[in-house]
Amino acid sequence: MARPLSEEKRQALLASAADLIATLGTGASTAKIAQAANVAEGTLFTYFPTKDELLNQLYVEIETDLAGVMTAPYPEDAGPRERIRHVWNRLIGWGLANPVWRKAIRQLKVSDRVAIESQRRCNAMFHDARAMVEQSLSGHADPERIAFYIDTVLFGLAEIAIEAIEASPENHEHFSQTGFDLFWKGTTA
């Protein structure tokens with residue numbers, strides 16, 4: 001009779017994968033991932049039949065965590081700018097609290113090893129938050145550019161702000177406010 005799988009080992013493998021992918025990219029070997037998790041490489045394949053399955057599971061786990069933060073209720077009585085600022089603050093907070101996951105997801109998002117189905121599943125988790133951001137930007141930003149502002153500018157500026165805050169934590173508020181101001185003012189261009 002087969003032993004039941006340990007959630008603790010599964011989580012150790014995912015944590016090791018995140019650490020190594022954050023620093024080495026998706027080319028990090030399964031041998032290194034297993035070694036970092038203190039398990040045999042064969043054990044890794046008991047939990048994740050292929051490396052692609054491991055990468056996809058990690059991608060979904062990180063995106064699920066981020067979606068939980070981003071889809072929490074927003075103040076309904078706030079104006080568009082304030083609602084976007086809430087999104088910004090949550091994004092910055094999550095990034096600062098999860099530096100390894102932030103770096104790992106950056107690698108995973110550009111990898112061709114993450115399946116389209118995993119991407120679709122994760123995109124669906126952000127549907128309501130994205131709709132709120134799109135609605136908040138309507139009337140403020142060029143409708144033809146809203147997707148670009150969300151997918152590229154918002155996340156790119158947040159990443160820059162997070163890195164600046166990590167380098168100079170005493171300037172947290174300044175960098176956060178400056179990044180947000182750049183985003184908000186830039187969306188009217």
Tally of residues being polar (S, T, N, Q), farther than 16 Å from Arg90 by Cα and part of a helix (DSSP H, G or I) across region 163-185: 1
Would you pick out the residues in region 135-162 that are under 19 Å from Gly79 (Cβ atoms), in a helix (DSSP H, G or I) and not aromatic (Phe, Trp, Tyr)? Gln135, Ser136, Leu137, Ile146, Ile150, Leu154
Can you go through Ala115, Ala164 and tell me which one is touching a residue at least 24 places away in the same chain (Cβ under 8 Å) and surrounded by 14 or more Cβ atoms within 10 Å (Cβ to Cβ)? Ala115
Can you pull out the residues in region 14-36 that are within 16 Å of the chain's Cα centre (by Cα) and small (Gly, Ala, Ser)? Ala15, Ala17, Ala18, Ala22, Gly25
Of the residues in region 34-64, how many are of a type outside the set (S, T, N, Q) and touching a residue at least 40 places away in the same chain (Cβ under 8 Å)? 11
Pick from Val110, Val133: which is exposed (fewer than 12 other Cβ atoms within 10 Å of the Cβ) and under 18 Å from the mean Cα position of the chain (by Cα)? Val110
How many residues of region 167-177 are surrounded by fewer than 15 Cβ atoms within 10 Å (Cβ to Cβ), out of contact with any Phe, Trp or Tyr (no Cβ under 8 Å at 6 or more places or on another chain) and not aliphatic (A, V, I, L, M)? The answer is 6
Residues (aromatic (Phe, Trp, Tyr) and outside any helix (DSSP H, G or I)) located in region 42-61: Phe48
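Yes or no, residue by residue, for (1) in contact with a Lys or Arg (Cβ under 7 Å, 6 or more places away or on another chain); (2) farther than 18 Å from Lys109 by Cα:
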residue: Gly27; (1), (2): no, no
residue: Thr30; (1), (2): yes, yes
residue: Ala36; (1), (2): no, yes
residue: Phe45; (1), (2): no, yes
residue: Phe48; (1), (2): no, yes
residue: Leu55; (1), (2): yes, no
residue: Val60; (1), (2): yes, no
residue: Asp65; (1), (2): no, no
residue: Gly68; (1), (2): no, yes
Counting only residues in region 143-161 that are charged (D, E, K, R) and in contact (Cβ under 8 Å) with a residue 40 or more places away in the chain, the one surrounded by the fewest Cβ atoms within 10 Å (Cβ to Cβ) is identified as Arg145
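Read-outs throughout are calculated quantities, based only on the coordinates presented, and are distinct from any laboratory measurement. Because the structure is a prediction, the values reported are computed rather than measured. Note that each Cβ is placed from the backbone with ideal geometry, even for glycine, and that neighbours are counted across all protein chains shown.
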